[in-house]
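Working notes, structure below.
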Amino acid sequence: GTMKRRAGEREKELKKKKLLEELGENRLPYLTPADADFHQLWKTKYSKLIFRKSDTVPEELHQMVQESFLALREHNCFFQDLVRIKGKDFLTPVSRILIGNPGCTYKYLNTRLFTVPWPTEGYDIKYCSPQIRDACKALMTLNDYLHIEAVKASQGQNLFENKEIKDTTVIDRKQSFAASLTEQGSVSKDQSSVCVPEDDRSLKNRTSYNLTLLNYMDPLQMLYLKQEPYFGMGSMAVSWHHDENLVEGSAVAVYSYSCEDSAVEGSSEQELQGRDPAVWHVGLKVAWDIETPGLAMPLHQGDIYLMLDDLNMTHQHCVLAGLSPRFSSTHRVADSSRGTLEYILGQCELALQNLQTDSDSMALSLKSLEAAVVKQVEEIHNEVEFEWLRQFWFQGKRYLTCTDWWLKPMAKLEEFWRKLEIMTSLVLSEVRKEQQIEEQRNETISCFLHLLKERQKLRKEWTAR
């Protein structure tokens with residue numbers, strides 16, 4: 001898997017290098033809404049990008065969400081991540097916090113983020129302040145709203161083949177949302193209550209967001225921002241990328257809040273060619289394509305955009321910095337097959353099935369020394385140590401400014417890890433014994449040594465970090 005990933009990364013780098021060489025000093029064209037051909041290009045090449053202006057979103061929701069951004073900033077809950085790219089560590093220019101389902105994680109650029117859980121029924125979650133709790137609750141409400149929007153947008157696309165839905169639906173949506181807020185304090189306690197036809201179950205799964213990655217950046221505090229290389233779109237807060245670690249074909253929904261004032265808002269009567277550098281934009285391009293013009297879509301206070309279906313894979317996007325500070329809440333269906341607390345605790349239980357205790361002497365021993373069993377246990381050992389414990393204590397403890405929710409699970413994982421260390425030493429003592437069948441012994445040693453070497457290499461890397 002690692003070899004394949006590295007080969008894929010090398011191939012992407014070569015493609016990127018070739019594209020830039022082909023371009024030389026010539027930049028590709030890109031369009032903004034002020035350009036005559038913008039809507040035609042959007043309809044033909046970017047139809048799965050759905051945009052909702054802030055006035056289509058209920059005022060109560062704007063207020064709740066924007067207050068939560070400011071409260072989280074006030075409580076120092078945003079952090080720059082130390083990410084690993086091509087074996088080197090970099091601090092992200094954008095500061096982030098992950099909020100979502102309890103026990104959920106999100107991994108990007110070799111860094112695992114651990115959710116500050118939003119208030120979920122059945123979970124005992126203690127927050128460091130009532131403001132942080134309220135902020136997490138508001139973002140959970142936004143999550144429900146964006147889930148419904150993504151379902152409607154996807155169904156709308158299927159039904160009307162990209163024709164615009166009439167404005168009346170927007171008014172109805174605002175009124176029904178306001179009513180539900182008054183009655184319940186939230187759109188829906190459970191996203192499963194959204195009415196989706198049976199044949200659209202997969203659509204529901206692809207829009208049921210389990211977390212949001214919040215971003216914050218003040219561009220005027222940044223000493224240096226990379227310039228967009230293909231189109232000459234200006235300063236980038238986030239370079240061209242596909243979002244990682246998502247359920248295949250899932251939609252991404254983004255709520256944008258730039259703290260604009262009249263001096264920075266820019267002019268709708270744009271005389272300059274290209275995008276207004278004072279205003280934040282999301283840039284889109286077709287991946288590895290030097291024929292199709294790019295798009296630069298302005299983002300004002302409270303605007304929302306959705307990337308539906310496979311747009312995240314067929315296209316790349318970047319975030320172009322304006323002049324004012326900006327928050328965004330980016331809602332995702334993270335691939336949780338290997339990224340939840342439930343999953344890793346299950347893996348630990350599976351590994352410990354090979355450990356037995358003598359009822360008289362209480363001595364520990366292994367049930368099986370078969371190569372496949374040893375390999376599985378040692379792989380889980382590495383996963384617990386390097387994907388969870390080290391990732392958490394390296395950066396995850398920052399989230400203690402919000403909640404101590406992860407401390408108990410981490411203590412439990414450390415207990416499991418200590419038992420896995422004992423299991424490793426038991427394998428070592430067993431394979432030293434002569435009475436083992438040589439062929440089986442050699443097979444066990446071979447796979448065991450490979451995983452021990454990998455563990456040693458990773459420990460050195462983490463120590464150096």
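So how many residues does the stretch 91-106 have that are buried (at least 18 other Cβ atoms within 10 Å of the Cβ) and within 21 Å of C318 (Cα to Cα)?
Residues meeting the conditions: 8.
Please pick out the residue among P119, P130 that is open to solvent by 10 Å² or more (accessible area, probe 1.4 Å), farther than 21 Å from E342 by Cβ and not small (G, A, S). Please lay out each step first, then the result.
Numbers: P119 fails: farther than 21 Å from E342 by Cβ.
The unique qualifying residue is P130.
Among the helices (runs of 4 or more DSSP H) lying completely within the stretch 368-460, list those that include at least 1 residues that are among the small types (G, A, S) and buried (at least 17 other Cβ atoms within 10 Å of the Cβ).
371-382
Quick check on D124: is it outside any helix (DSSP H, G or I), open to solvent by 30 Å² or more (accessible area, probe 1.4 Å) and of a type outside the set (A, V, I, L, M)? Yes.
The single condition among (1) among the hydroxyl-bearing types (S, T, Y); (2) assigned to a loop (DSSP other than H, G, I, E, B); (3) touching a residue at least 12 places away in the same chain (Cβ under 8 Å) that S329 does not meet is (2).
Taking the stretch 398-425 as the range and being more than 17 Å from L350 (Cβ to Cβ) and aliphatic (A, V, I, L, M) as the test, the residues that pass are L400, L407, M410, A411. Cβ-Cβ below 6 Å, separation at least six or inter-chain, first residue in the stretch 73-95 and under 16 Å from P325 (Cα atoms), second exposed (fewer than 13 other Cβ atoms within 10 Å of the Cβ): which pairs? That search, which allows pairs on different chains as well, returns Q80/L91.
Taking V319, is it in contact with a Gly (Cβ under 9 Å, 6 or more places away or on another chain), among the hydrophobic types (A, V, I, L, M, F, W, C) and in a strand (DSSP E or B)? The answer is yes for V319. Among the residues making up the stretch 46-90, those that are surrounded by 17 or more Cβ atoms within 10 Å (Cβ to Cβ), touching a Leu at 6+ places or on another chain (Cβ under 8 Å) and in a helix (DSSP H, G or I) are L61, M64, V65, S68, F69, L72. Total residues in the stretch 280-305 satisfying the condition of being open to solvent by 10 Å² or more (accessible area, probe 1.4 Å) and in a loop (DSSP other than H, G, I, E, B): the figure is 9. When the stretch 207-227 is filtered for residues that are at pLDDT below 95 and among the charged types (D, E, K, R), only K226 remains.
Screening R27, R5 for residues that are open to solvent by 100 Å² or more (accessible area, probe 1.4 Å), modelled with pLDDT under 90, in the same structural domain as G302 (by the TED database) and part of a helix (DSSP H, G or I) leaves exactly one candidate, R5. The residue that is farthest from P325 (Cα to Cα), among those in the stretch 96-110 that are out of contact with any Cys (no Cβ under 6 Å at 6 or more places or on another chain), of a type outside the set (G, A, S) and in a strand (DSSP E or B), is C104.
The values are calculated or read from the model by the stated rules, or taken from the named source; none is laboratory data. No experiment lies behind these values; they were computed from the predicted model shown. Cβ: placed from backbone, ideal geometry, glycine included. Neighbour counts: every protein chain shown. For the accessible areas, the whole protein counts, side chains as well, though only heavy atoms, and no ligand, DNA or RNA atoms are used. Shrake-Rupley method; radii C 1.70, N 1.55, O 1.52, S 1.80 Å.
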